[in-house]
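The values are calculated or read from the model by the stated rules, or taken from the named source; none is laboratory data. Just so we're clear, the structure is a prediction, and the values are computed from it rather than from any experiment. All Cβ positions, even for glycine, are placed from backbone atoms using ideal geometry, and neighbour counts span all protein chains on display. The accessibility values were calculated without ligands, DNA or RNA, using every heavy atom of the protein model including side chains. Shrake-Rupley method; radii C 1.70, N 1.55, O 1.52, S 1.80 Å.
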Amino acid sequence: MVRRTAAIVAAILLVVEAVGLMIVNVALGKIADAQSMSLAGMDPDVMATSSFVLAGVVLLYLGACAVVILVSAIRRRPHGRIARVLLISAVILHVLLGALAVGLIGWAAFAFMMVMFGLLMFSLMGYEPKPEPEDTPPTPVNGEPQAA
């Protein structure tokens with residue numbers, strides 16, 4: 001029950017984080033578009049457009065992570081290979097964002113990133129794969145063991 005609750009909390013927080021990051025990227029895109037300033041000779045329209053695209057990509061990426069965690073929690077089964085790779089990349093992203101958040105934003109943002117790191121790790125390690133049936137030798141037809 002604890003695993004399922006933690007997975008649901010992780011999925012909810014991922015959706016909240018995705019929406020928050022999308023809002024920040026859209027705001028940055030609008031600011032870059034309104035200022036019409038170039039950065040190191042880049043076109044301001046390219047910077048604004050790339051910020052809008054990044055907002056969509058982050059929303060889709062973190063939303064997909066949330067869906068994967070929710071599906072796993074509902075089915076009470078471990079993640080598949082592709083889902084595991086997706087979640088491991090999200091774990092790495094949260095560790096890197098946590099390291100950046102300490103210096104740029106502060107300890108509260110770092111604490112949030114580490115909570116997300118812990119929840120993602122818990123969802124990765126929460127469910128054990130079901131044991132596969134052992135290979136049993138074929139039963140002999142006439143009561144004598146068969147030669148291999």
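For the chain, what is the mean residue ellipticity at 222 nm derived from helices alone (per DSSP H run of n ≥ 4: -39500 (n - 2.57); sum divided by total residues; nearest 500 deg cm²/dmol)?
Mean residue ellipticity at 222 nm (helix-derived): -26500 deg cm²/dmol.
With labels modelled as points extended 7 Å from the Cα through the Cβ direction, what inter-label distance (nm, one decimal) is found for I88 paired with D45?
Roughly 4.2 nm, to one decimal.
Quick one: with all protein chains in place, what share of the accessible area of region 28-102 is carbon or sulfur, to the nearest percent (1.4 Å probe)?
It is 72 percent, rounded to a whole number.
Between M37 and R3, what length in nm is gained on full extension when 0.36 nm per residue of separation is reduced by their alpha carbon distance?
That pair, M37 and R3, stretches by 7.4 nm at full extension.
How much accessible area per residue does the chain have, counting only protein heavy atoms and a probe of 1.4 Å, in square angstrom?
Accessible surface, normalised per residue, equals 69 Å².
Need one value: the accessible area of S89 in square angstrom, 1.4 angstrom probe, rounded to the nearest 10.
S89 has an accessible surface of roughly 40 Å² with all protein chains in place.
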